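Please read the structure below before turning to the comments.
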Amino acid sequence: MASAGQIEKPGPTLMGSAAIGWLPTIAIILAAVIIQITIRPMLGDFYAKVLLDIGVNIVLAVSLTMVNGFTGQFSMGHAAFMAVGGYTAATVMYYGSFRLFGEASMAGGVLSSMMSDREGPVPYFTRGDLLFLASTLFGGLVAAGCGYLVGLPSLRLRGDYLAIVTLGFGEIVRVLIQALTTDALYDADEIAATPVYQFPKYIGGALGFSGLPFYNSLFWSLGLAGLTILTAYRIKSSTFGRAFLSIREDEIAAEAMGVNTTRYKVRAFVIAAFFAGMAGALFAHTSGVQLNAGELGFLKSFDIIIMVVLGGLGSISGAAFAAIILTILPELLRQPAFLVHGWIVAVPLIAGGIALRMLAARRRADTSIPKLLIGFGVAVALLAIAAAIARSRDIDLGRYRMIFYALALIVIMIARPQGLLSVREIWERGLWRGLGNWVRSLRRETGEARP
Amino acid sequence: MTGTEPILKVEGISKAFGGLKAVQDFALTLNPGDVQGLIGPNGAGKTTCFNLLTGVYRPDAGRVQLNGAEVTGLRPYLIAGAGMARTFQNIRLFPDLSVLDNVMLGSHLRTRQNMTQAILRTRFHRADERAIERRARRLLELFELDTRAEEEARSLPYGDQRKLEIARALATDPKVLLLDEPAAGMNPQEKGELRGLIDRIRREFSVTVLLIEHDMNVVMKICETITVLDYGVTIAVGPPGRVQSDPKVIEAYLGVPGEAH
């Protein structure tokens, strides 16, 4: 009886069931197309830009999670892979466009446009898009190659060597680009006369690589974000994910159980570098961004690390959420007039949270979800108060936004040192399951209370 | 000679840490199906022996042959792949992973899928993952841990953690299983169960067992041959009864009356 028709319990094993074959990949690409075609025109330029940044940041945070979260190594040079991928793709794109199309201006279709006022009928996909896709992939591959060269010697060693080596690597990349290269070539004839192997010399130097076509769009950025999450999830939920996580959990035991720890650490590192390189490629071709190695130094790496730690080391959804929150938060803080209306969110959150808390206390149910609601509500309320005071005194709160940003980080890390989701995914344990259990515990209690 | 090839043949391995000779000229022969014990006072070098056999340390001298293949000084994952699995004296589970994932990791070294297949979720990958999970659940059933499969390994009681470590080691499909103090921290009833369990896995998985144990009751009852170490030197080898009455062994454990060290 127990063996034949028994249904296997779905549990918090890392094994997934829904993500089968090509279907999710196709769905992600389709969703990205739909967002670009239907939602992009409805959004203002500002919101579209925030969404664009969210996509790129998700790629960066989720890819770094594979190293710092899955295998427990500590890379401090993720932005360097972004720089390598970005500059590589930019070089291919810029000089490739000149050589192939005669000019470097944007020649992409609807899917590549972040401009809302393009004239005339625009094709969906052009040879420019194809070149952009190719150079993005190439940027990712070159970054992955660098990841291999950096990772192989440093990941053989245990401990903090990787942190030091990656920090050094990041600085080397930055300095090399700034010191060894010179201004980009702008003259079509000159570009035509320059041999291909010399192009990497003309990528902007200390002033940055300007004149790049702005191909990045919601299609590219959100599409890549979706594919990065899918890839990370599929790795995590496979035997290779278990191998990665076992290294972080106990390297000696992992090795004794037959895991070639060096090989897997290098693999995680190379995959992460590949995605960071592609994120860099998108970043380089974003409207309003000038590709400058100076901005892709260790400060940028720390930004990504903060996202990963905040989301919970090892949690893909956690890293993605943290990327979203930390992209929106500084923009929100920039707009005090908007923040004043935080009451609209804060009051129902706090009131609802307190009501649920009382209900839960009476039923002796878990109070963590109401607490979370109250905490979030209080945070929003405090921001609203600060914004209101600042407005009455004529202070520009936006100038102090980094203080609030830092404060928010400190408060979150004190309240949840393991990060928002620790190692699990939101659908495994996080809010959903907590909410479900909590509702169930309430229902059970009410059921008994009824006569 | 019975004509069977020894499954594990250790010839005179030694290891020194600086001036301390932790293990000297250690030799051991395990025939298929054996259950042998390795005992000795604290600090005698038992765990160091295990670390030398499994590749955590590289021996300064001597040879280790596993199932006819030379594995001396190989890295631990290669030795695990060659068919030697172990547990640890101070339990080394993967605490944040579920009980099931701990055992499923044990099957990792026998998987034939590659990472691209995992990322593309091919049919082969899915079938392989299902097989790994089935196998892991069977092992958990055997160790009566199946009801806690979804819990984090860290949440298990001590005795269950020891059992989980053995289950994880068995998932690597070993020919030789090294158990480092499997009964440590167990109560008398659990110790009794453990004896039955070791006997059962020896038969069902046809593994050969070498164990380190402090509990003489356990060692004497399940081991056919016992090797006694003291200060890194083998002082006695033989069946339990003979070893127990060996004066050198008694001296090592109790000291010689009247002799001042």
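The values are calculated or read from the model by the stated rules, or taken from the named source; none is laboratory data. On a predicted model such as this, the values are computed, not experimentally measured, just so you know. All Cβ positions, glycine included, derive from the backbone under ideal geometry; neighbour counts span all protein chains shown. All accessible areas refer to the heavy atoms of the entire protein, side chains included, with ligands and DNA or RNA removed. Shrake-Rupley method; radii C 1.70, N 1.55, O 1.52, S 1.80 Å.
Points to keep in mind about this one:
- Here chain B is assigned +1 on the Cβ of each Lys and Arg and -1 on the Cβ of each Asp and Glu. Its dipole about the Cα centre then comes out at about 860 debye.
- Taking a point 7 Å out from the Cα of residue B:200 in the direction of its Cβ, the residues of the stretch B:139-159 whose backbone N falls within less than 18 Å of it are B:139-149, B:159.
- Of the residues A:273, A:253, A:285, the one whose Cα sits farthest toward the positive end of the charge dipole of the stretch A:245-290, with +1 on the Cβ of Lys and Arg and -1 on the Cβ of Asp and Glu, is A:285.
- Remark on residue B:236: its backbone amide H falls under 5 Å from those of B:228, a criterion applied only to residues 5 or more positions apart or on other chains, H modelled at 1.01 Å from N.
- Ordered by 1.4 Å accessible area with all protein chains kept, A:42, B:104, B:220 run largest first as A:42, B:220, B:104.
- Of the chymotrypsin sites (Phe, Trp or Tyr not before Pro) in the stretch B:193-261, the ones in a loop by DSSP (not H, G, I, E or B) with at most 16 other beta carbons within 10 Å are B:205, B:231.
- Pair residue A:179, residue B:146: separation of 7 Å Cα→Cβ label points (nm): 6.5
- Dipole magnitude (debye, nearest 20) for the stretch B:94-167, charges at Cβ of Lys, Arg, Asp, Glu: 500
- Positive-end residue, chain B charge dipole about Cα centroid, Cβ charges, pick of B:29, B:51, B:106: B:106
- Exposure of residue B:21 as accessible area (Å², to 10), given a probe of 1.4 Å and all protein chains: 120
- The shape of chain B can be summarised by an equivalent ellipsoid whose semi-axes, obtained from the alpha carbon gyration tensor, come to 34, 21, 17 Å from longest to shortest.
- In this calculation the C-beta distance from residue A:23 to residue A:164 is compared with R0 = 45 Å, giving a FRET efficiency of 0.60.
- Extended-chain gain in nm, criterion 0.36 nm per residue less alpha-carbon gap, residue B:154 and residue B:31: 40.7 nm
- Over 25 Å (Cα to Cα) - which of B:46/B:175; B:175/B:248; B:191/B:248; B:9/B:46; B:15/B:248; A:49/A:371 fall in this group: B:175/B:248; B:191/B:248; A:49/A:371
- Global form of the stretch A:267-368, assessed from the alpha-carbon gyration tensor, a/c cut-off 1.5: oblate
- Pair residue B:187, residue A:99: separation of 7 Å Cα→Cβ label points (nm): 7.6
- Total accessible area lost when A and B pair, probe 1.4 Å, Å² to nearest 100: 3900
- Per-residue mean of C-beta atoms belonging to partner chains within 10 Å, peptide A:225-231: 1
- Charge-dipole axis of the protein assembly as shown as Lys and Arg at +1 and Asp and Glu at -1 on Cβ define it, positive-most pick from B:115, B:228, A:87: B:115
- The stretch A:23-326: relative contact order in percent, alpha carbon pairs under 8 Å with at least 6 residues between: 38
- Normalised by the number of residues in chain B, the average gap of Cα pairs under 8 Å and 6 or more apart makes the relative contact order 26 percent.
- Cα-projected label distance for residue A:361 with residue A:413, points at 7 Å along beta-carbon direction, nm: 3.2
- Taken about its Cα centre, the protein assembly as shown carries a charge dipole of roughly 1340 debye when the Cβ of each Lys and Arg holds +1 and the Cβ of each Asp and Glu holds -1.
- Global form of the stretch B:46-124, assessed from the alpha-carbon gyration tensor, a/c cut-off 1.5: oblate
- Shape of the stretch A:23-326, Cα gyration tensor, a/c cut at 1.5: oblate
- Solvent-accessible surface ranking, highest first, for B:92, B:154, A:99, A:127 at 1.4 angstrom: A:127, B:154, A:99, B:92
- Karplus 3J(HN,Hα) series, Hz, for the stretch A:67-73 with 6.51 cos²θ - 1.76 cosθ + 1.60 (x for Gly, Pro): 8, 6, x, 5, 8, x, 7
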